[in-house]
Ligand code: UD1
């Protein structure tokens, strides 16, 4: 088991690159199943969730190769239509294979994702959308089987702008008969990236990123080359780390429009932001200012994935900030760990009240989920003395070589084997949770 060992209070300085977005890479790799041929996906981050997705593709008969940040997926032959139960338990986004497999092979069989520590996260919208598209869906306690001779276009009104359900519909309906209309789709940049990939393969998807998406079904897709968009959540991670340490950094390869929901929050904290083309310079003040109120909502509002990161930064702001989480009901689970650094964050239902303290002290904590885990690293970077962050496999799901990129910015953070520390401190509780 590996852990992060951090010696805090080093202001971050220098330049860092963003890697490709996890939340684009996963659906695009799933969508490769639809394409009879070899797709080349560039800027594909080497994350454990991506590696898991590649293992699923291989188990279905795809030939997958990675060279640097390029992954090629050859789906000329699909030999399986069932996804292993253990994989479904570790990576919820494998639900997207339901859409791609049923469309390509006529049948898909997956296990229901296990319970999740950030919220109940049901899959009802995915299932009812696939039924509307003509699939027969059988749920058997722990598994779902979805079969259809053909996918038939229809109008689907989503009660909530679910990212995953929108992606599953787009993937399933890309190769179909007739026209599918999604009313109230998710509008995240990753939805647009998926649509762009599918359209390069010959799909006819219109309106991605807007309030109605139209999909004209085509009979087949052809291979293409595609570059994954840079990870906007990684950008807000570096921004939070810079803000909390009083740093001054440049983040390369940002897409400013993707970050427009978070810029005002960093401005309110007193950070200076300078944009030049795709370079973002962020200069933090000596002490951050509080933010009156942050509410997480679907894009283009403040993203739930950036909530934990910014909450961590606000622990040392002057004054009291309030954060309201509207997407996932258990997304404040990491706060108990955050308070071990001496932070003063009170959570009541979906609201966190953050009373800024002057400084944090080192702590021994464990990551409860992906973004909550990154938030603890951010706290450790600002804390006086040494900190340990355990269960970092959650963090590795969404951050490629996180510690190396932070070291590049001057941070004193090391990945070490748990055993080396255990002798000093004794074992910590390990918590299994699911990633986002
Ligand atoms: C995706 C992202 C995740 C991000 C989230 C919201 C990936 C791999 N993950 O997750 O990082 O935090 O979007 O931006 O892209 N819901 C239902 N029924 C459903 C589906 C969703 O009730 O069938 C609910 C969820 O419980 C949640 C809300 O809708 O409360 C939003 O979920 P959704 O947008 O679907 O998130 P994911 O696609 O799971």
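Write down the percent of antiparallel bridges among all DSSP beta bridges whose residues are both part of region 284-406, to the nearest 5.
55
Quickly estimate the mean residue ellipticity at 222 nm for the chain, helices only: each DSSP H run with n ≥ 4 gives -39500 (n - 2.57), and the total goes over all residues, rounded to 500. Could you put the intermediate results ahead of the total?
On the way: 16 runs with 141 residues, N = 436.
Rounded to the nearest 500, it is -9000 deg cm²/dmol.
Once you order the gyration tensor axes a ≥ b ≥ c over the Cα atoms, which shape class does region 241-387 get: rounded for a/c under 1.5, otherwise prolate or oblate by comparing a/b with b/c? Mind showing how you got there, number by number?
Values: a/c = 1.59, a/b = 1.21, b/c = 1.31.
In terms of gyration-tensor shape, oblate.
Compute the helix-to-body angle for 232-245: its Cα long axis versus the longest principal axis of the chain, expressed 0 to 90° and rounded to tens.
Helix 232-245 sits roughly 0 degrees off the main axis of the chain.
Sort out for me the Cα centre separation of region 248-284 from region 135-182, rounded to whole Å.
Distance between centres, Cα-based: 37 Å.
What do you get for Rg/Rh of the chain when both radii come from the Cα atoms and Rh is the Kirkwood radius?
Result: Rg/Rh = 0.97.
Using only Cα atoms, tell me the angle between helix 163-174 and the longest principal axis of the chain; keep it within 0 to 90° and round to the nearest 10.
The angle comes out at about 30 degrees.
Quick one: work out the % antiparallel among DSSP beta bridges in the chain, nearest 5.
If I count the DSSP bridges inside the chain, around 70 percent turn out antiparallel.
Taking only C-alpha pairs under 8 Å that are 6+ residues apart, what is the relative contact order of the chain in percent?
21
Between residue 404 and residue 358, what FRET efficiency comes out of the Förster formula 1/(1 + (r/R0)^6) with R0 = 30 Å and r the beta carbon distance, rounded to 0.05?
Efficiency, rounded to the nearest 0.05: 0.45.
Length gain on complete extension for the stretch residue 206 to residue 279, per 0.36 nm per residue less the alpha carbon to alpha carbon distance?
Taking residue 206 through residue 279 to full extension adds about 23.3 nm, to one decimal.
Can you give me the Rg/Rh ratio for region 87-221, using Cα atoms for both radii and the Kirkwood formula for Rh?
Here the Rg-to-Rh quotient is 0.94.
Apply 1/(1 + (r/R0)^6) to the Cβ-Cβ distance of residue 107 and residue 260, taking R0 = 60 Å, and write down the FRET efficiency to the nearest 0.05. Spell out each step's value before the answer.
Working: r = 42 Å, r/R0 = 0.70.
Step by step, r from the Cβ atoms, then E = 0.90.
For residue 70 and residue 42 in one chain, what is 0.36 nm times their gap in residues minus the Cα-Cα distance, to one decimal in nm?
Taking 0.36 nm per residue and subtracting the Cα distance, the gain is 9.6 nm.
In whole Å, what is the distance between the alpha-carbon centres of region 1-35 and region 318-344?
22
Just the ratio, please: alpha-carbon radius of gyration of region 65-148 over 2.2 N^0.38 Å, N its number of residues.
1.18
Give me the angle, in degrees from 0 to 90, between the Cα long axis of helix 304-314 and the longest principal axis of the Cα atoms of the chain, rounded to the nearest 10.
That helix lies at roughly 0 degrees to the long axis.
Read the figures in this text as sums done on the coordinates, not as results from a lab. The shown structure was predicted, so the numbers you read here are calculated from the model rather than taken from an experiment. In this analysis, Cβ positions are derived from the backbone assuming ideal geometry, glycine residues included, and neighbour counts consider all displayed protein chains.
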